[in-house]
Amino acid sequence: MLNYLQKHYRSVIVLFLCLLTIVSLSIVVVRRDPGVLATVPPGTIDLLVKNFHYTEVGNPEALWEIDADTAQYQRDLNLATLTNVTVKISFPRLPTVTMKGDKGSVRIDTKNVEIMGNVTIRSERGESVATERIEYDHGLRTFRTDKPVTINHPAFSVSGTGAVLVLDEKKLTLLSSVTAVFNGGRTKL
């Protein structure tokens, strides 16, 4: 037996490494968190993931992080739908913004995002926005809603129906039924 092993030591080592790899993969699969992949309804989606986290890297204009309780991907629509979604966007020279909502969708090809249901947007400076739905158009770099919106700042509160924020111009426009309340004091606008 020893003589056989000496003649075929390379084959034995390769066989041993293959067995070790198979055993290691089996252990990894057994120890995989069973809550990561959910049951996928047949014929509706290509992938369903629980406790979803995505970070876009390599974009010097903004760092995007998306977290959701679940994410579903439909390849034929190039669409990811999310539940209980949080989107964190870090811009150079601007405050970090965090958006939260009950549901969301991301078009993978265009990078357009829509957040719906109890939408809140907060900046790290303390400003906040509340609405029922907001869309981000990546090509135009704009946020838009046609729903009632309330904007809170330490110095004022503004509400209206519909809003457009153009990132490149740093310009926010409320579209109709605008009401503003200024809180007085010495806060700089």
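The values are calculated or read from the model by the stated rules, or taken from the named source; none is laboratory data. None of the values given here were measured: they were computed from a predicted structure. As a convention, Cβ positions derive from the backbone with ideal geometry for all residues, glycine included, and neighbour counts pool all protein chains shown.
Condition check ((1) assigned by TED's automatic domain parsing to the domain that holds residue 176; (2) within 26 Å of residue 182 (Cβ to Cβ); (3) over 17 Å from the mean Cα position of the chain (by Cα); (4) in contact (Cβ under 8 Å) with a residue 40 or more places away in the chain) across all residues:
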residue: 58; (1), (2), (3), (4): yes, no, no, no
residue: 72; (1), (2), (3), (4): yes, no, no, no
residue: 78; (1), (2), (3), (4): yes, no, no, no
residue: 88; (1), (2), (3), (4): yes, no, no, no
residue: 100; (1), (2), (3), (4): yes, no, no, no
residue: 103; (1), (2), (3), (4): yes, no, no, no
residue: 117; (1), (2), (3), (4): yes, no, no, no
residue: 124; (1), (2), (3), (4): yes, yes, yes, no
residue: 134; (1), (2), (3), (4): yes, yes, no, no
### Task
Output the residues belonging to the stretch 121-141 that are outside any strand (DSSP E or B), farther than 17 Å from residue 94 by Cβ and touching a Ser or Thr at 6+ places or on another chain (Cβ under 6 Å).
none
## Note on the structure
Counting only strands (runs of 3 or more DSSP E) entirely within the stretch 1-119, those with at least 1 residues that are more than 18 Å from residue 143 (Cα to Cα), among the hydroxyl-bearing types (Ser, Thr, Tyr) and modelled with pLDDT of 75 or more are 47-56, 63-74, 79-90
### Message
I'm trying to understand the selection: among the residues of the stretch 142-167, which are aliphatic (A, V, I, L, M), touching a Phe, Trp or Tyr at 6+ places or on another chain (Cβ under 9 Å) and assigned to a strand (DSSP E or B)?
### Response
163, 164, 165, 166
